[in-house]
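One structure is given here, and the rest of the page talks about it.
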Amino acid sequence: MELSIRAQAVSLLYACGLGAGLGLLYDLLRPIRRRFGNGFWDFLFCLCSAASAFLFAMRSENGALGTGEVLLALLGLLLYFQLLSPFLLPHFDACVRKVGVFCVNTQNSAKKVRCSVKKLFQNLLG
């Protein structure tokens, strides 16, 4: 069974969008990966990439991931990295930095509360 030209074009556009979406996910995980430096975030990206490629292939009309879709996904990824990543990555990095500062402040506040509660119970019991 042959696919119509329109269905093939739509599939290729979706593949390009898939590549751009994977680039966005990579940029979202990049500042976290730089801060913590372990391989978990790379594994998470690879897992999401494989799952999205599998789901994309299963959703397509012919049930397979063709060479054209792979190339267009790569093109979408490269276009994202060239056009949007330089503008979005600094914002993602700033958000991760703000979340880190919030976590440190919350941890310090929790430590102060814990010490105060410990003193209170020691005074009540002793």
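The values are calculated or read from the model by the stated rules, or taken from the named source; none is laboratory data. All values reported here derive from a predicted model rather than from experimental measurement. Quick reminder, even Gly has a Cβ in these numbers, built from the backbone with ideal geometry, and neighbours come from all protein chains shown. When the accessible area is computed, the model is the full protein with side chains, heavy atoms only, and any ligands, DNA or RNA have been set aside. Shrake-Rupley method; radii C 1.70, N 1.55, O 1.52, S 1.80 Å.
Values as computed for the structure displayed
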| read-out | value |
| --- | --- |
| Accessible surface of segment 1-77 [probe 1.4 Å, protein heavy atoms]: carbon and sulfur percent | 70 percent |
| Förster radius 25 Å - calculated FRET efficiency between N105 and L44, Cβ distance, rounded to 0.05 | 0.40 |
| Computed E for A94/C115 - FRET, C-beta separation, R0 41 angstrom, nearest 0.05 | 0.80 |
| Label point distance in nm, V70-S4, each placed 7 Å from Cα along Cα→Cβ | 2.9 nm |
| Volume in Å³ per residue [convex hull over Cα atoms, computed for the chain] | 142 Å³ |
| Added length on full extension, which subtracts the Cα-Cα distance from 0.36 nm per residue, L79 to L25 | 18.0 nm |
| Percentage, to the nearest whole number, of Cα pairs in segment 47-105 over 16 Å apart | 63 percent |
| Neighbourhood charge, 15 Å Cβ-Cβ cut-off, centred on D42 and excluding it, Lys, Arg +1 and Asp, Glu -1 | +3 |
| Average accessible surface area per residue within the chain, 1.4 Å rolling probe, Å² | 74 Å² |
